[in-house]
Structures are given as C-alpha cells and as structure tokens.
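Structure, as structure tokens:
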Protein chains: 2
Amino acid sequence: MSELPIAQIGRIIKNAGAQRVSESAEEALGKELEQWAEKVAIQAVTLAKHAGRVTVHASDIELALKEIA
Amino acid sequence: MSELPIAQIGRIIKNAGAQRVSESAEEALGKELEQWAEKVAIQAVTLAKHAGRVTVHASDIELALKEIA
C-alpha cells in the first residue's frame with residue numbers, strides 16, 4: 001500500500017474499540033482497502049469512458065460499487 | 001468520511017486511469033472505503049478480545065476480512 005496513510009488506518013481500528021493496534025494490522029487493513037479502492041476506481045473509469053466523459057463522477061463510483069460489491 | 005484523506009482517494013482514482021475526478025466522486029469512494037474499514041475493524045476488535053488480547057494483530061484483520069468479504 002502506498003496511498004492511504006497508516007496512521008489514519010490505525011485510528012479507524014482504535015475508533016472501533018481497539019486498545020492497541022500492531023503496525024502489521026494497520027498495514028494489513030491498509031493494503032486490503034487500497035486494493036479494493038483500486039478495483040472500484042478501475043471500474044469507475046471504465047464507466048466514465050463508456051458514458052463519453054473524461055471526468056469520473058460520483059455516479060460512476062456508485063455504479064462501480066454496485067457492480068463490484 | 002472523516003479519517004481517510006480525500007486527496008489520496010483522488011490519486012487512487014487518477015492512478016486507475018482517470019483524466020479528471022469530481023470532488024463528489026472522491027467523497028463517494030472515501031465514504032464507502034471508510035464504512036468498509038470500520039466494519040472490518042469492529043470484527044477484528046471482537047476477534048482480538050475473543051483471543052484474550054488487547055492488541056489487534058494482523059491475524060485479526062485477516063480473519064475479519066475472510067468473515068466479512
């Protein structure tokens with residue numbers, strides 16, 4: 001994972017009730033999140049191009065999520 | 001969404017091939033990512049507690065992902 005900051009991932013896990021979080025746990029969740037985001041983003045880009053646009057809109061993300069989830 | 005930075009989400013969408021990305025698209029993907037991360041994190045915290053630990057380990061995240069995905 002390269003884009004999503006590890007500190008924020010750790011904060012999400014702490015907000016979920018964790019007393020302590022290992023660094024490898026933060027990395028594991030961050031990696032998974034990023035892979036999932038990439039998959040959704042690739043589909044959203046395909047949908048935007050299909051609609052004749054160069055800009056990815058929220059509607060592209062929403063349809064991509066429906067198709068992937 | 002509050003934890004994951006919008007700029008990084010936009011970068012993931014651009015890396016997927018987008019020429020331009022609307023702010024609402026970044027927000028839509030960020031919100032979804034955060035909700036999904038929270039769901040995984042809550043399950044991971046439950047699993048860590050079940051194993052008698054106060055620290056969330058990568059193995060908790062991995063098992064939570066298997067249970068939720």
Normalised contact order of segment B:1-66, rounded percent, pairs of Cα under 8 Å and 6 or more residues apart: 28 percent
Cα→Cβ-extended label distance, 7 Å offset, between A:Gln19 and A:Ile6, nm: 2.3 nm
Bins of 10 Å from zero: percent of alpha-carbon pairs in chain A: 20, 35, 28, 14, 2
Sequence-distant aspartates and glutamates (8 or more away, or on other chains) whose Cα lies within less than 16 Å of A:Lys39: A:Glu3, A:Asp60, A:Glu62, A:Glu67, B:Glu26, B:Glu32, B:Glu34
Gyration tensor (Cα) of the protein assembly as shown, equivalent ellipsoid semi-axes in angstrom: 30, 13, 11
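Values quoted throughout were computed directly from the atomic coordinates according to the rules given, and no laboratory measurement underlies them. Since the model is a prediction, treat every value here as computed from it, not as a measurement. All Cβ positions, glycine included, derive from the backbone under ideal geometry; neighbour counts span all protein chains shown.
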